[in-house]
Amino acid sequence: MATKRSSSSSSSGSRTPGKVQNISRAHRGGDRSSSGRGKIDNVTYDVIAVMHEKSQGLEAYDQYLQDARNHDQVREVLEEIRQQDEEAVQRLMECLRELVSGEREEEEEEAA
């Protein structure tokens, strides 16, 4: 018998293209820095958000694969999808590294 799993869906607020997302401590109840730290652009925010969602999904595959243990075709499809998601997370991690290192270089140039 299959069990129903609840999925947590997050509704993000509306974003304006080209604007900067603010994830400063002020939004978490801490101090807000006037130096611009804690602000990231939409692309960096999106990469982090997708990585987070994909990572949560990967955790769920263990249960899905266990549920499909007697259904070879379903299990095979789930394993393929899991592999694709793992590869996507790895690629996004590489993108994030590049985005962050690019931001560091820009900060260093501005400081010089």
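Numbers below:
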item	result
Computed E for LEU96/TYR64 - FRET, C-beta separation, R0 30 angstrom, nearest 0.05	0.70
Cα shape, segment 42-111, gyration tensor, a/c 1.5 rule	prolate
Euclidean distance of C-alpha centroids, segment 49-77 and segment 83-97, integer Å	17
Inter-probe distance in nm under a simple model that places probes 7 Å from Cα toward Cβ, at GLU107 and ASP46	2.3
In order through segment 94-108: 3J(HN,Hα) via Karplus (6.51 cos²θ - 1.76 cosθ + 1.60), integer Hz, x for Gly, Pro	5, 4, 4, 4, 5, 4, 5, 5, x, 5, 4, 4, 5, 5, 5
Farthest toward positive dipole pole in segment 42-111 [+1 Lys/Arg, -1 Asp/Glu at C-beta], among VAL100, TYR64, GLN84	TYR64
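Computed from the coordinates by the stated procedures, all read-outs in this text should not be read as laboratory data. Here the structure is a predicted model, which means the values were calculated and not measured. With ideal geometry, Cβ positions are generated from the backbone for all residues, glycine too; neighbour counts draw on all protein chains shown.
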